[in-house]
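The values are calculated or read from the model by the stated rules, or taken from the named source; none is laboratory data. Because the structure is a prediction, the values reported are computed rather than measured. Heads up, the Cβs are rebuilt from the backbone with ideal geometry, glycines too, and the neighbour counts pull from every protein chain shown. Side chains included, ligands, DNA and RNA excluded: accessible areas come from the protein's heavy atoms. Shrake-Rupley method; radii C 1.70, N 1.55, O 1.52, S 1.80 Å.
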Amino acid sequence: MGLIKALGIDGRILLAQLFNFALLMLILWRYAYKPVLNILEERRSKIEQGLSDAEAAAEKLKQAEDDSRQVMIDARKEAAQLLEKAQSQAELRQQEIARKAQEDIGIMMEKEREKIKAEKESVLAELKGELSDLVLLSLKRFLQENVDDKRDKESIDRIVKDLI
Amino acid sequence: MNLDISLSPEILFNIFGIPISNAFFWSWVVTLFLLVGAFLIKRNLKMHPGKFQNIIEMLVGGAFDFVESMMGDKKRALRVFPLVFTMFFFIFFCNLLTFIPGQAAVTIKTAGGVVPLFRAIISDYSIVFVMTMVSVIVTQIVAVASMGPLRYVGKFFNFTSPLNFFLGLMDLVGELAKVMSLSFRLFGNIFAGEVLGAVMLFLFPFFLPLPFALLGLLTAVVQPFVFSVLTLVFISMAIQPEEAEA
């Protein structure tokens, strides 16, 4: 009992101190620790969220890049295919045109040839007619002027001789 | 000039017949200060912290991480954290209050004579005793809750062998001794520091008290830490008695 008195311990004071301490603990818990811990937790989760978001964004970016690259590759391939197709078609068409042109040329040449031939024939026939007339005329004239018996005889002989 | 050293706190005045000692009075002041601080913190918390909030967050967050590492479980840590951290915080601020200079010079005239107005709060045994009892009783409650009442009683009264019976009794003595060791460690350190400071001031008031004041500052930080960590250890041991014994 002496020690208790020396230390100044009083039951009522102890109760008051207990109340004091409990109140302090409750209020501090409610108004200081909890909000601070909550805000720490909130911030931590926000940072985590931000990090995972950034990771997802990076992943998405990479995906988009890959996609665009793939699209480019596809487009290039398609273009190359188209070009090739167009080229082959053009070639085919060119060949067709050339062939047709050759054909046309052949036909035309044939026609021309025939035309020339016909013309030649007609010219020849005309020439023949005119020539024979000329020969006949010149022969007649020659004969009228220069033919005497002797000469007649000589020419007849020569012709006969030639014929024989 | 005479040197008055009193083990018990001096009575300042009476309210409804209850003697209010200087230490008790200042404990209320510290409590009020912390309460107001808590309200201010709560009101000014922001997602983007300023310097002050950074310090508070570091303190509370760091202390919580420490408690969590001791308890090994976030849920348990949340339950004991308010108790142990309030112990630390309250004792720490009580100790800091003694470093406001000029305290020893202020006295007040009361019915019981002239008494000093200020006294280190923790050098009042009653406040230390209350906190110690809270610590020890909470420990026992946790032990009963985690082991069950039968096993809890069985820990102290073990009749399987004479040796176990003896060890059980020793455990009981150990639990009671916790009250003494925990409370007198804190009270003794602070009270001794106060007495030492007063004696040095009495012997030679210039320069001589300074190293002792610095030593007292160290004590002011270390003792609350020891007190709260011991409480934490007791509680965590009460939760996992097998692991603690192994």
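Just a few scattered comments:
- Residues being open to solvent by less than 50 Å² (accessible area, probe 1.4 Å) and either outside any helix (DSSP H, G or I) or of a type in the set (D, E, K, R) (or both) - total across segment A:10-43: 2
- Within this structure, A:Glu112 fails the test of being open to solvent by 100 Å² or more (accessible area, probe 1.4 Å), acidic (Asp, Glu) and in a helix (DSSP H, G or I).
- Residues in segment B:108-131 that are touching a residue at least 40 places away in the same chain (Cβ under 8 Å) and within 9 Å of another protein chain (Cβ to nearest Cβ) were compared, and the one that is surrounded by the fewest Cβ atoms within 10 Å (Cβ to Cβ) is B:Phe129.
- Single residue of A:Leu14, A:Leu83 found to be within 14 Å of chain B (Cβ to nearest Cβ) and without any contact (Cβ under 8 Å) to a residue 24 or more places away in the chain: A:Leu14
- Test result for B:Met237, under 19 Å from B:Gly154 (Cα atoms) and part of a helix (DSSP H, G or I): yes
- Unmet criterion (only one of (1) open to solvent by 90 Å² or more (accessible area, probe 1.4 Å); (2) of a type in the set (Val, Ile, Thr); (3) over 30 Å from B:Lys46 (Cα atoms)) for A:Val135: (1)
- Some residue of segment A:69-81 being modelled with pLDDT under 90, among the charged types (D, E, K, R) and assigned to a helix (DSSP H, G or I): no
- Test: residue in segment B:137-151 that is assigned to a helix (DSSP H, G or I) and within 14 Å of chain A (Cβ to nearest Cβ): yes
- Residues in segment B:8-45 that are in contact with a Gly (Cβ under 7 Å, 6 or more places away or on another chain) and of a type outside the set (S, T, N, Q): B:Pro9, B:Ile11.
- Some residue of segment A:7-21 being touching a Leu at 6+ places or on another chain (Cβ under 9 Å) and at negative phi: yes
- Filter result for B:Val134 (at the interface with chain A (Cβ under 9 Å from one of its Cβ atoms) and open to solvent by 20 Å² or more (accessible area, probe 1.4 Å)): yes
- Residue count, segment B:38-88 (criterion: more than 8 Å from chain A (Cβ to nearest Cβ), more than 22 Å from B:Ser27 (Cβ to Cβ) and β-branched (Val, Ile, Thr)): 3
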